[in-house]
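K.L.:
Below is the structure I would like to discuss, written out as structure tokens.
Only the coordinates and a few stated rules stand behind these numbers; no lab work does. Everything numeric here is computed off the predicted structure, so don't read it as measured data. For neighbour counting, all protein chains shown are included, and Cβ atoms are generated from backbone atoms with ideal geometry for every residue, glycine included.
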Amino acid sequence: MAEESGASSTSTSQVMQRIEMLISRLLLIGVAASMVTVFLGLALTFVHHPEYLKSAADLKRLTSPVAAFPHTIGEIARGVVAGRGQAVVAFGLILLLATPILRVVISLVGFALERDLTYSILCAAVLLVLFASFLLGKAG
């Protein structure tokens with residue numbers, strides 16, 4: 001009987017090691033993909049609008065709060081398909097925001113597989129707070 005619990009403990013720790021490696025890779029790839037996407041968007045912006053490099057007034061117009069910047073997922077998707085730099089930058093920022101959210105989702109799955117009720121509930125609560133903050137942020 002002691003061997004059964006030892007085997008179960010070993011398989012559980014192997015599952016958690018795999019989850020930890022998955023989380024590590026997710027964070028690395030998510031941040032790197034976000035960074036590359038933002039830089040690609042900046043490059044596209046300056047390729048399509050070289051005047052931003054020559055004119056301080058044009059650059060100020062680009063960075064002003066009233067600048068035409070995509071504000072919805074639909075606008076971002078249409079802008080990315082059209083190759084608009086600002087939309088690509090916004091998509092990179094979404095990737096950056098999604099990375100820690102996916103980390104919480106993976107942690108929740110890992111703790112559920114481990115049957116750790118306390119941490120599963122905590123991860124689920126964190127996930128609910130994250131989703132609520134996005135919904136409330138959109139409402140405001």
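K.L.:
Just to be sure I understand the model, the point goes 7 Å from the Cα along the line to the Cβ. What's the resulting Leu53 to Ala33 distance in nm?
P.N.:
Distance between the two pseudo-spin positions: 3.0 nm.
K.L.:
Multiply the residue gap between Leu40 and Arg18 by 0.36 nm, knock off their C-alpha separation, and tell me the result in nm, one decimal place.
P.N.:
The Leu40-Arg18 span can extend by a further 4.7 nm.
K.L.:
Taking the simple approach of a point 7 Å from Cα along Cα-to-Cβ for both Phe134 and Leu96, what is their distance in nm?
P.N.:
1.7 nm
K.L.:
Expressed as an acute angle from 0 to 90° and rounded to the nearest 10, what is the orientation of the C-alpha long axis of helix 117-139 relative to the principal long axis of the chain?
P.N.:
With both axes taken from Cα atoms, the answer is about 20 degrees.
K.L.:
Please determine, in degrees from 0 to 90 and to the nearest 10, the orientation of helix 2-48 with respect to the longest principal axis defined by the Cα atoms of the chain, where the helix direction is its Cα long axis.
P.N.:
0 degrees
K.L.:
Determine the equivalent ellipsoid of the chain by diagonalising the alpha-carbon gyration tensor, then write out the semi-axes as square roots of 5 times the eigenvalues, largest first, rounded to whole Å.
P.N.:
43, 17, 10
K.L.:
Once you place label points 7 Å from the Cα toward the Cβ at Thr118 and Ala68, how far apart are they in nm?
P.N.:
5.5 nm
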